[in-house]
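S.K.: Could you have a look at this structure, given as structure tokens, before my questions?
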Amino acid sequence: MKKFVNIGFFLVIISIIAFFLFRYLFKPAADNKTMRIHSVLGADKNEGNYTKAIKPINFRFPDDAGPHPDFKSEWWYFTGNLSDDAGAEYGYQFTIFRQSILDKKLDSSSDWRTNQVYMAHIAVTDVVNDKFYSFSKMTRGSAGLAGAKIKPFRVWIENWEITGEYNHPILKASTRDFTIDIQLNSLKPIVLNGNRGLSQKSQGIGNASYYYSIPRFKTKGELTIKKRKINVSGESWLDREWSTSSLGKEEVGWDWFSIQLEDSREVMLYKIRKKDGQASTLSSGTYIKAGGASVHLTKSDFTLEVLDYWQSAATSIKYPSKWRIKIPKFQIDLVVTPKINNQEHQLQFIYWEGTAKVVGDNIQGNAYVELVGYK
């Protein structure tokens, strides 16, 4: 009887922790329209004994495809641009987040007790039909409900999962509106962003993440949208980051771009926005050559000009919706335009993330864009 009482007690405690974590981490701001970025990524007094990203490390694979529980936060982030046999275009996002709620491992005989919470966001954009679908899940990282491991490689939250190998993953998820079942095979080597994988996001020691990408995967499989099965193929992108704190008190959000050009080059860049509307001097990016070699980009290496805006009818948030990106030293001059305007996630927190087309002089391609912290 005592065993069952203890299990029941732990269930209640974990449920309470998860509830308040959910409310704390993802509570909307006063206007009820935007995420509390600093609750997850900001430097604060709750860093405890977590490890911080302070200096470059020697990345090890496949180990660094797995979890880093000594850090407060991390994510496995896939996006892709796909098409069906008739040429109709689709975009997808498949992201799993891990968040630690205590800076020490809990000792317990109960499978339900944990210091980890997992959340996932998945989305599909149906370009031809001008439709965007998104869904989320959140649960404790215990009792098999969610977790991450390297042998065998698996990151999951209930029946949404990343399996296979880190450079040949399989993504599966299902919701009431759509399903994703796709296989990815890497076409480019791993790229270490920032200073050999150390990506400084704001002033202050440790306000950084460890950040790598696999910028191009051959992708094939099946989407189901409203019970309509669709064979798809195309290309995907992986971002992996883990950190304990990233943003300072002056940073309010970011605009992030992953660009895949048809000549096998890629560009990743982000602008970190400050309270005064200016871009942080730590905004940066990576230019990736066709052969896989990469070059770090500082803020002075590129310009990002907003050409148009779109306002959400649901939230009244106004987002940039067209950009001109220039990287003069690599003769890059591109216009990036969302394939549909409404790709706004209206989940625990609200942000814009979606597929986009890329056009330049004698070059074109596809992109994914993330806009966080707008209100």
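S.K.: List the strands (runs of 3 or more DSSP E) that sit entirely inside region 172-264 and contain at least 1 residues that are under 29 Å from residue 305 (Cα atoms) and not basic (Lys, Arg).
M.R.: Details: elements: 178-186, 198-200, 208-225, 228-243, 251-261.
Qualifying strands (runs of 3 or more DSSP E): 198-200, 208-225, 228-243, 251-261.
S.K.: Among the residues of region 183-236, count how many are in contact with a strand residue (DSSP E or B) (Cβ under 9 Å, 6 or more places away or on another chain) and more than 20 Å from residue 61 (Cβ to Cβ).
M.R.: So the answer is 22.
S.K.: All but one of (1) among the aromatic types (Phe, Trp, Tyr); (2) touching a strand residue (DSSP E or B) at 6+ places or on another chain (Cβ under 6 Å); (3) modelled with pLDDT under 95 hold for residue 97, so report the exception by its number.
M.R.: (3)
S.K.: What are the residues in region 154-211 that are in contact with an Asp or Glu (Cβ under 7 Å, 6 or more places away or on another chain) and either free of Cβ contacts under 8 Å to residues at least 60 places away in the same chain or surrounded by fewer than 19 Cβ atoms within 10 Å (Cβ to Cβ) (or both), if any?
M.R.: 154, 172, 181, 211 - these are the residues of region 154-211 that are in contact with an Asp or Glu (Cβ under 7 Å, 6 or more places away or on another chain) and either free of Cβ contacts under 8 Å to residues at least 60 places away in the same chain or surrounded by fewer than 19 Cβ atoms within 10 Å (Cβ to Cβ) (or both).
S.K.: Pairs under 8 Å by beta carbon, first residue more than 22 Å from residue 167 (Cβ to Cβ) in region 53-67, partner among the hydroxyl-bearing types (Ser, Thr, Tyr), six or more apart or different chains?
M.R.: Between residues of region 53-67 that are more than 22 Å from residue 167 (Cβ to Cβ) and residues that are among the hydroxyl-bearing types (Ser, Thr, Tyr), the close pairs are 53/199; 53/209; 53/210; 53/243; 53/244.
S.K.: Has region 298-316 got at least one residue that is exposed (fewer than 12 other Cβ atoms within 10 Å of the Cβ), within 23 Å of residue 212 (Cβ to Cβ), modelled with pLDDT of 95 or more and β-branched (Val, Ile, Thr)?
M.R.: Checked region 298-316: at least one residue is exposed (fewer than 12 other Cβ atoms within 10 Å of the Cβ), within 23 Å of residue 212 (Cβ to Cβ), modelled with pLDDT of 95 or more and β-branched (Val, Ile, Thr).
S.K.: Starting from region 327-356, keep only residues that are in contact (Cβ under 8 Å) with a residue 40 or more places away in the chain and more than 15 Å from residue 372 (Cα to Cα), then list their pairs with residues that are among the acidic types (Asp, Glu) and assigned to a strand (DSSP E or B) whose Cβ atoms are within a distance under 7 Å, requiring at least 6 positions of separation or different chains.
M.R.: From residues that are in contact (Cβ under 8 Å) with a residue 40 or more places away in the chain and more than 15 Å from residue 372 (Cα to Cα), the pairs are 339/89.
S.K.: Next question. Can you pull out every residue in region 259-279 that is surrounded by 22 or more Cβ atoms within 10 Å (Cβ to Cβ) and in contact (Cβ under 8 Å) with a residue 60 or more places away in the chain?
M.R.: Residues satisfying the conditions are 259, 260, 266, 267, 268, 272.
S.K.: Applying the selection to region 157-171, what residues are on the phi > 0 side of the Ramachandran plot and not in a strand (DSSP E or B)?
M.R.: Pass one, region 157-171, residues on the phi > 0 side of the Ramachandran plot: 158, 164.
The answer is 158, and nothing else.
The values are calculated or read from the model by the stated rules, or taken from the named source; none is laboratory data. Only a predicted model underlies this, so the values are computations on that prediction, with no experimental measurement involved. Ideal geometry is used to build each Cβ from the backbone, glycine not excepted, and the neighbour counts take in all protein chains shown.
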